[in-house]
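> Just passing along the structure, written as structure tokens.
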Amino acid sequence: MNLEALLAARLAVALEAVAGEPVDPVVRASQHADFQSGAALALARKLGRAPRQIAAEVAARADLAGLAEAEISGPGFLNLTVADDVLVALLAEPVAPPPVEPQRVVIDYSGPNVAKELHVGHLRSTIIGDALARLFTWAGHDVVRVNHLGDWGTQFGMLIEHMADLAPKRALSGPSGELSLSDLTAFYRQARVKFDGDDDFRTRARLRVVALQSGDGPTRQMWQRLVEQSERSFVADYDRLGITLGAADFAGESSYQDQLASVLDELTAKGLVVESEGALCAFPAGFTGRDGEPFPLIVRKSDGGFGYAATDLAALRHRTRDLKGDRLLYVVGAPQSMHFQMVFAVGRDAGWLGDAATAEHISFGSILGADGKMLKSRSGETIKLADLLDEADARATAPAVGIGAIKYADLSADRRGDYVFDWDRMLATTGNTGPYLQYAVARIRSVLRKAVAEPGPVVLGDPAERRLALALLGLEPVVAAAIEHCEPHRLAVHLHEVAAAFSTFYERCPIQSSPSRVALTARTGDSLRLGLDLLGIPLPEVM
Ligand code: ARG
């Protein structure tokens, strides 16, 4: 049961009676009381009356009997103190998902590129996207995970041509016929060097692009091998990270190729495409370049090819029209913000988005190194995810601890901001960290193992017990808000508050022979486990 919502509902009735119209009760958890409402302050300003007087009127009218005590405080706040027996009764109910109208939610996340290993740039998308997928699923939505793999484009010309050069030497496949992706990254680099330095190679690479696009058999086969190998390696990384994306969720850029011409036709028929410098472009309203001129979204390039934007338009149409998505989420870094705003604007103009479906760019900041710049390896290269996970394994006491530390550090910060990647801070067992939460669960497990009392009815005597009870009851509204705003950090931060409240309770209140405290402890363990699971943070067997 959502205590905040219950209190808000009661206050809303009183506020409406005083104001003569509906007023948001703005009930929030507070340092000064269990909850506080500042609604009287805003209302007083609007009515031109004394705030404390309004607060008194609301308190007098509100039907809080048996639920809470209201007290006027400061300039006109209402401090709400919930009755103990209400807290106890609510604690007896299991944590429930927020009531929602089930939707089909398509979540686009991770989106790595073929022949490039998953690197830290994709880490945030993968971690945040997966937490959202778990949260939306728990809320009862029908979640479709989409991994928009970068598996198409002109770079495949040089990759395949390089492959063809090496093929006779069997350099690409050992006796087992397999090639690891770290070889593939080196392979990408070699191809790039040749492409930049060798005119003849460059010409052949361009012809290879044409061969790939026109469906030439051997070219397609080589491309297929590159894609499959990459997919295998990504799935291995996901498994290691505890990410719920699987092989079936890949819908790479290539999968939209046969829809691009029809997307162009449809946009043209709807009058949304004009020619500009040989390219076919959409000019959605409100987007201007530095010079103030309308800014184009290029649907077809002047050389006749389709690029990233066209593919995203096709993907958008597919997700609304064919997948029947109601809500589309794109978990992609902040630098692509303009791209998505333009794609969505064209989608609205085309009628794919609107009443039937909405789209949101779930943007996030960068991972920074200790120097405050984008996280790089010591030699200045982008860090491969697999290397990062190896380092986590080496530094942490168990793989789950290292992974939990990385995920929690990412999820506990507001996604819109950057955050600094700092092993020592992330792995600390004190403070706002993954290991601290994992440790709290482990401690609860051991307390319960040693308990002599069976769990019984909860009695809230000590202030620490009350604080823990309130923190536990705060989980439901927090999960609801994390889902509503696509902000997993709200849940992460709250779990830390629960663990901190438990820690104070544990220090002040002997647990083992108290049925009430054993029950509170068990309930805390359940809540932390649920919350961590919704974030995708694993628990180590032992700690
Ligand atoms: N592959 C892209 C990149 O690495 C991310 C894909 C994001 N999703 C999308 N629908 N464009 O930047």
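> What is the ratio of the Cα radius of gyration of the chain to 2.2 N^0.38 Å, where N is its residue count, to two decimals? If you can, show how the numbers build up before the last one.
Details: Rg = 27.8 Å, N = 543, 2.2 N^0.38 = 24.1 Å.
Relative to the rule-of-thumb radius for its length, the chain sits at 1.16.
> Also, quick follow-up: Which FRET efficiency, nearest 0.05, do residue 214 and residue 192 yield, Cβ-Cβ r, R0 30 Å? Mind showing how you got there, number by number?
Values: r = 24 Å, r/R0 = 0.80.
The computed FRET efficiency comes out at 0.80.
> In units of 2.2 N^0.38 Å, what is the alpha-carbon radius of gyration of the stretch 398-535?
Values: Rg = 15.3 Å, N = 138, 2.2 N^0.38 = 14.3 Å.
It is 1.07.
> Let me know the number of lysine pairs in the chain closer than 30 Å at the Cα, not counting same-chain pairs under 8 apart.
Counting lysine pairs in the chain gives 20.
> Working from the pairwise distances between different alpha carbons, so that the mean of 1/r is found and then inverted, what is the stretch 256-326's Kirkwood radius in Å? If you can, show how the numbers build up before the last one.
Numbers: mean 1/r = 0.0784 Å⁻¹.
Computed over Cα pairs of the stretch 256-326, the Kirkwood hydrodynamic radius comes out at 12.8 Å.
> Could you list, bin by bin from short to long, the percent of Cα-Cα pairs of the stretch 3-82 in 10 Å steps?
Pair shares across the bins are 22, 61, 17, 0.
> Note down the magnitude of the dipole of the chain about its Cα centre, charges +1 on Lys and Arg C-beta and -1 on Asp and Glu C-beta and zero elsewhere, to the nearest 20 debye. Intermediate results must be reported in sequence, preceding the final value.
On the way: 55 positive and 69 negative charges, 119 e Å.
Dipole magnitude for the chain comes out near 580 debye.
> Next question, about the same structure. P(r) for the stretch 291-404, please, calculated from all Cα pair distances in 10 Å bins and given in %.
Calculated P(r), rounded to whole percents: 11, 28, 24, 23, 12, 1.
Throughout, read-outs are computed from the coordinates displayed, never taken from laboratory work. The structure presented is a predicted model; accordingly, all values stated were derived computationally and were not measured. A quick note on method: Cβ atoms are made from the backbone with ideal geometry, for glycine too, and the neighbour counts reach across all protein chains shown.
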